[in-house]
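Note sheet for the following structure.
The values are calculated or read from the model by the stated rules, or taken from the named source; none is laboratory data. All values reported here derive from a predicted model rather than from experimental measurement. Note that we place each Cβ from the backbone using ideal geometry, even for glycine, and neighbour counts take in every protein chain shown. Just so you know, the surface numbers come from the protein's heavy atoms only, side chains and all, with ligands and any DNA or RNA stripped out. Shrake-Rupley method; radii C 1.70, N 1.55, O 1.52, S 1.80 Å.
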Amino acid sequence: MLPVGRRLPSELGRPDVRAGILRALQQAYEENQDRHDPEVGDDALTFGIHLWKSGAWFLAQELAGLPGVTTAVVNQSLEVRVGRCRLRLHKLGDAESDDPERSFPRHVGPAARLGRVQQLRLEFDLPQEEYLDWVIGHYGSPDEGLRAIRLQAVGSERSLDGTIAQWEAIETLFDVGVPGVSMNQVREVDSGVVVVPEPKVTPRRSDLRDITDAPA
């Protein structure tokens, strides 16, 4: 749940965008788990580098063609634009239990240059803040795979070294410890279209009489 006074932009609530993010990161983790080999020197650093590259690759593939969505590689970092929103992809932890409030990119980079916010006035004249720049934060390891994905809003707070020091809002898309969306369900989503099974209908007696008495 977002903090009071903080508003998730409608663009980031789109089922097709959220499903595309989930599918892309699940595929990136699966591919990199398969090729991760400590016997030839692979470690957490190489796993993170591979995720950085392939995560951007799969994300661009998944989001290509969605209305109102564009992707571009800027200075070797993928920038995703969904309507008014900008998103950057970062690995922020190893497990779903890592505190997202204290998990930040470990370097000054493109995410640190984000931070747009829109002030809104809604009914009853209550102020609302709508953050437009977000990090797609993923959490996982070569042993456990993908554990969580969270959208984390970037504001103006920075540490002395220029890195992000505070998240303005956090929206969880996937967490293995929380019942909800499973990866099998996500793979079945196609551009936001959900197939609903045919309902079972049992005719009432009055319905049968109406059918029998109807003129030929």
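Of the residues in region 80-107, how many are farther than 16 Å from Glu11 by Cβ and of a type in the set (A, V, I, L, M, F, W, C)?
Total satisfying the criteria: 4.
Check region 65-74 and report whether any residue there is more than 15 Å from Arg147 (Cα to Cα), open to solvent by less than 40 Å² (accessible area, probe 1.4 Å) and at pLDDT 90 or above.
Scanning region 65-74, I find at least one residue that is more than 15 Å from Arg147 (Cα to Cα), open to solvent by less than 40 Å² (accessible area, probe 1.4 Å) and at pLDDT 90 or above, so the answer is yes.
Do you know which residues across region 32-53 are touching a residue at least 24 places away in the same chain (Cβ under 8 Å) and open to solvent by 20 Å² or more (accessible area, probe 1.4 Å)?
Answer for region 32-53, where residues must be touching a residue at least 24 places away in the same chain (Cβ under 8 Å) and open to solvent by 20 Å² or more (accessible area, probe 1.4 Å): Gln33, His36, Asp42, Ala44, Gly48, Trp52.
Among the residues of region 99-118, is there at least one that is under 17 Å from Val135 (Cβ atoms), outside any helix (DSSP H, G or I) and at pLDDT 90 or above?
yes
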